[in-house]
Amino acid sequence: DYGDAGEGLRPVRIDAARNGSFCGQFVVGSDQAIKGLKVTAGELKAAKGAGSIPAENVTVLYALADVAYYGMTRWFDALQDRPRAESPAVKGGGAVQPVLLRVKVPADAPPGDYRGELTVSAAGAATVKVPVELSVADWVVPDPKKYRTYVGIYQSPTTVAAQYKVKMWSEEHWKLLEKSFELLARAGNKMINVPVVDRTQFGNDRGFVTWVKKPGDKYDYDFKVFDRYLDLAVKHCGKLDYVALQIWHAGGWKHRGANQKNTVTVRDEKTGELSRQQVPSFASPEARTFWKPVLAAINERLAKRGMEKALCVGILSDSTAPASV
């Protein structure tokens, strides 16, 4: 949608409260393709008094028109912190670029009205100053960890690697996972899923724990990925209510049997070669012998982080486990 050039530019108005993040939006439009778009935010100064909200508390996000729903090819959905190199003009119209403005209000910000502006520039166009009006209420928003609404969003390392085309568990991948958990922390997330077995419903190829084969058919465990992933979650989300270990393959509408196809990743201590090993049937005595040591080690790791009650086994999806399990 295009603004009416005859109306003139109006301020971005945002109602907010202390210690929360609040958003406003404006749209850049042109009858030609928009190239080289740049939006810079300045500080927001109190209309009365000496208070201010620094520019680094103002985040500029750009909506992407690359997702189509129900055949609507101009539906804007995803957000990113930089604009596309070019927002093309559509057939029979021009180009539009929605810009979202998110303001993180400090917990100690004086309540009242604040004023600021955004500087908008693009190739071949005059620079425009967009006024911003922020009204801060005299109320403090709780930290996300203290939100009353329970939030348990599945974080998917596999999806992150696929989306950004990086190698699983590479340093580049870990940096992207850090960003993912930063976003989850803003929502007050309180749980994670940890696939321990291979190829679960969450898309992982290998589990986050590696069995290390030792002489005499004995095993040790490599927790490097598990520990780093858990620490990253705790760093941003705090102590978790649930750490759901995926050791079972859910069957969708129908449960799978206790003797299901189900493997863990095994590394040979001498050669370093990786392989997949079938776990014992869950209804067998061997299953207890197989799972008890690794689950005890995981529980010990959680206890050291103050989460001794967080361990649970999941997730059954829409089905249930057979009675023999």
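Selection of the stretch 14-51 for residues being at pLDDT below 95, in contact with a strand residue (DSSP E or B) (Cβ under 6 Å, 6 or more places away or on another chain) and among the polar types (S, T, N, Q) yields only 30. Residues that are open to solvent by 20 Å² or more (accessible area, probe 1.4 Å), of a type in the set (S, T, N, Q) and at pLDDT 95 or above number at least 3 in the following strands (runs of 3 or more DSSP E) confined to the stretch 241-321: 274-278. The single condition from (1) at pLDDT 95 or above; (2) in contact with an Asp or Glu (Cβ under 8 Å, 6 or more places away or on another chain) that residue 223 fails is (2). Would you confirm whether any residue within the stretch 3-12 is among the acidic types (Asp, Glu), over 26 Å from residue 143 (Cα atoms), open to solvent by 70 Å² or more (accessible area, probe 1.4 Å) and touching a Gly at 6+ places or on another chain (Cβ under 9 Å)? Taking every residue of the stretch 3-12 in turn, none turns out to be among the acidic types (Asp, Glu), over 26 Å from residue 143 (Cα atoms), open to solvent by 70 Å² or more (accessible area, probe 1.4 Å) and touching a Gly at 6+ places or on another chain (Cβ under 9 Å).
For residue 307, all conditions in the list (1) of a type outside the set (Val, Ile, Thr); (2) touching a residue at least 60 places away in the same chain (Cβ under 8 Å); (3) touching a Pro at 6+ places or on another chain (Cβ under 6 Å) hold save one; what is the number of the exception? With (1) of a type outside the set (Val, Ile, Thr); (2) touching a residue at least 60 places away in the same chain (Cβ under 8 Å); (3) touching a Pro at 6+ places or on another chain (Cβ under 6 Å) applied to residue 307, the lone miss is (3). Taken over the stretch 13-44, residues that are loosely packed, with under 13 Cβ neighbours inside 10 Å and of a type in the set (Asp, Glu) amount to 2.
Here the strands (runs of 3 or more DSSP E) wholly within the stretch 139-232 that include at least 1 residues being touching a residue at least 12 places away in the same chain (Cβ under 8 Å) and open to solvent by 30 Å² or more (accessible area, probe 1.4 Å) are 210-214, 218-222.
If you filter the stretch 120-138 down to residues that are part of a strand (DSSP E or B) and within 18 Å of residue 85 (Cα to Cα), you find that the one that is most open to solvent (accessible area, probe 1.4 Å) is 121. Being aliphatic (A, V, I, L, M) and touching a helix residue (DSSP H, G or I) at 6+ places or on another chain (Cβ under 9 Å) is the filter here; which residues of the stretch 123-170 pass it? Residues satisfying the conditions are 151, 153, 160, 161, 166, 168. Mind checking whether some residue in the stretch 289-303 is aliphatic (A, V, I, L, M) and free of Cβ contacts under 8 Å to residues at least 24 places away in the same chain? Yes, because at least one residue in the stretch 289-303 is aliphatic (A, V, I, L, M) and free of Cβ contacts under 8 Å to residues at least 24 places away in the same chain. Here residue 98 passes the criteria (1) at pLDDT below 95; (2) part of a loop (DSSP other than H, G, I, E, B) except the one numbered (2). If you go through the stretch 205-219 and keep only what is modelled with pLDDT of 95 or more and in contact with a strand residue (DSSP E or B) (Cβ under 7 Å, 6 or more places away or on another chain), you end up with 206, 207, 208, 209, 210, 211, 212. If you go through the stretch 81-96 and keep only what is under 30 Å from residue 144 (Cα atoms) and open to solvent by less than 50 Å² (accessible area, probe 1.4 Å), you end up with just 83.
The values are calculated or read from the model by the stated rules, or taken from the named source; none is laboratory data. What you are looking at is a predicted structure, and each value in this text was computed from that prediction instead of being measured. No Cβ is skipped: glycine too gets one built from the backbone with ideal geometry, and neighbour counts run over all protein chains shown. Just the protein is used for accessible areas: all its heavy atoms, side chains included, with ligands, DNA and RNA removed. Shrake-Rupley method; radii C 1.70, N 1.55, O 1.52, S 1.80 Å.
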